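Bear in mind these aren't lab numbers, they're just calculated from the coordinates by the rules spelled out. Just so we're clear, the structure is a prediction, and the values are computed from it rather than from any experiment. Quick reminder, even Gly has a Cβ in these numbers, built from the backbone with ideal geometry, and neighbours come from all protein chains shown.
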C-alpha cells in the first residue's frame, strides 16, 4: 500500500491544513451525504452523530492514515484499520457504500478548503481515500467470508430466550438463532443489533457478548442509556429495555471485534467501569471453565454495589479459580456493600495495587477512565504494549492525552 510519488509530495505539503479542518470537513460530509442518501441514516449511529463523536473519529482516522502513508516513522496503522473493519462488519457496511462516502467526503474537502484544493491536491487526497477504502473493503470482505455472512444480508434473526434484570438500568438478553447455529466467536467480541424505531428510523448498536462461547446461545448485557446535560435518552437501548422480552425477534450481526482473550497462561489484569464489566464477565466465564488456575486480578469501579451488573456470576467465578482476586470501588455506599472483598470508596485508584509480573491488561470503560487507569498502570511498570482496551462507540482513544 503506497501513494504515488506525485501524491506523496502533495499530501506532505497539505496534510497539516487538512488535519486542521478535518473535523469541519467530516461534519459537512455527513450532513451532505445524509441529505442526498437518507437510507444511510439506517446504517450510521445517529446518537454518535448528534454528539459529534463520529465526525471526530472519521477525521482522526483519515488523517492518521494519510500520515501513515507519508511518514515511515508513523505508528503502524494496521491495528486501527482492523478495528474499523470489525466495527463495519458488525454494522453491515457494504463495499458499494464506499463509493457514496468517497464522493461526499472529497466534495466536503473542496467546500471547506475552497481555492486551496487545486486539481492536483484533489487527486492526491482522492488517492489517499481510495487506498483507505480498498484496504477496508478487503479486510471486511475477509471477515464476512470467515463468518459465513452475505454482505447483502448482514443480519440474522435471533429470538430472545430469556431476560435477566441485572440492576435498575441494566438487563441481559439470552439470544438464540431462529435458524442454524451460533457463528463461531471469540471471547471479547460483540454483535450489532438493529431495531426499527417508532419514528421509522432503523438504528444499529453494538453490544458485547457478555458470556463465554456456549454453542447454542449468546448473552448480551445492555445498559439503558439516560440522557445527561440535555442529550436525549438512548433510542435503541430504551427500545430494547421496553420491548425485548422472551419470544421477541431481533436482527443480530455476526460476532466481530479484535480485542480477544488470548490463549496463553500469562497473568491477566481486568480493569473496568460501569457497563464496561460486560467483556470482563465473558472473559471470566471462559477462564473459570478452561483455565481455572490462571492468575487473574479484577479491578472494577461503579456507582454502587446495586449498580454493579453481573456481580453474582463474577463472584462465583472468582471463588472457583485458584488465583483470582477482585477489588471494587463504589462512589456510593461502599462501606455496606456485601462484596467478596471489602469495597473501597470513591474513584478507582490503581497506584498502589499489587500486580502480577509480566501481566497483560484488558480495560473497558469510558475513555477518561481508561486513560487514567493506563497512566497508573504504566507508572507501576506495565509496558504500554501490554495494555489493551475496548471502547464502546467511535474509537477516539488516539485523540485523548496519553
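So, how do all the Cα-to-Cα distances of the chain break down into 20 Å bins, in percent, from 0 on up? In whole percents, the pair-distance histogram is 25, 56, 18, 0.
When both the range 141-176 and the range 213-240 are represented by their alpha-carbon centers, they are found 13 Å apart. Once each part is reduced to its C-alpha centroid, what is the distance from the range 54-70 to the range 105-140 in angstrom? Value for the Cα centre distance between the two parts: 11 Å. Tell me the angle of helix 78-91 to the major Cα principal axis of the chain, expressed in degrees between 0 and 90 and rounded to the nearest ten. Orientation of helix 78-91: about 80 degrees from the principal axis.
The slack between residue 146 and residue 347, meaning 0.36 nm per residue of separation minus the straight C-alpha distance, is 68.2 nm.
Taken along its three principal axes, the alpha carbon spread of the range 155-253 comes to 42, 28, 22 Å, from the longest extent down to the shortest. Residues 27, 303, 2 in ascending order of nearby Cβ atoms (within 10 Å, fewest first): 2, 303, 27. Net length available on complete extension from residue 290 to residue 216 is 24.8 nm, with 0.36 nm assigned per residue and the Cα-Cα distance removed. The long axis of helix 367-379 is offset from the longest Cα principal axis of the chain by roughly 70 degrees. If one computes the Cα centroid of the range 82-97 and of the range 251-288, what distance in Å separates the two points? Between the Cα centres of the range 82-97 and the range 251-288 lies a distance of 21 Å. Relative to the longest principal axis of the Cα atoms of the chain, helix 119-147 runs at roughly 40 degrees. Which one of 285, 140, 332 has the biggest mean-square fluctuation once the chain is modelled by GNM with Cα springs under 10 Å? So, out of 285, 140, 332, the one fluctuating most is 332. Take the Cα of residue 316, step 7 Å toward its Cβ, do the same at residue 199, and the gap between the two points is 4.1 nm. Rounded to 0.05, the FRET efficiency of the residue 100 and residue 243 pair, given R0 = 35 Å and the Cβ-Cβ distance, is 0.65. Between the beta carbons of residue 306 and residue 228, assuming R0 = 22 Å, the FRET efficiency works out to 0.65 to the nearest 0.05. In plain terms, the bigger the Kirkwood radius, the slower the diffusion; for the range 5-147, with that radius from Cα pairs, at 10 °C and 1.306 mPa s, Stokes-Einstein puts D at 101 µm²/s.
Rounded to the nearest 5, the antiparallel percentage of DSSP beta bridges internal to the chain is 55%. Modelled spin labels at residue 8 and residue 116, positioned 7 Å past Cα toward Cβ, are 2.4 nm from each other.
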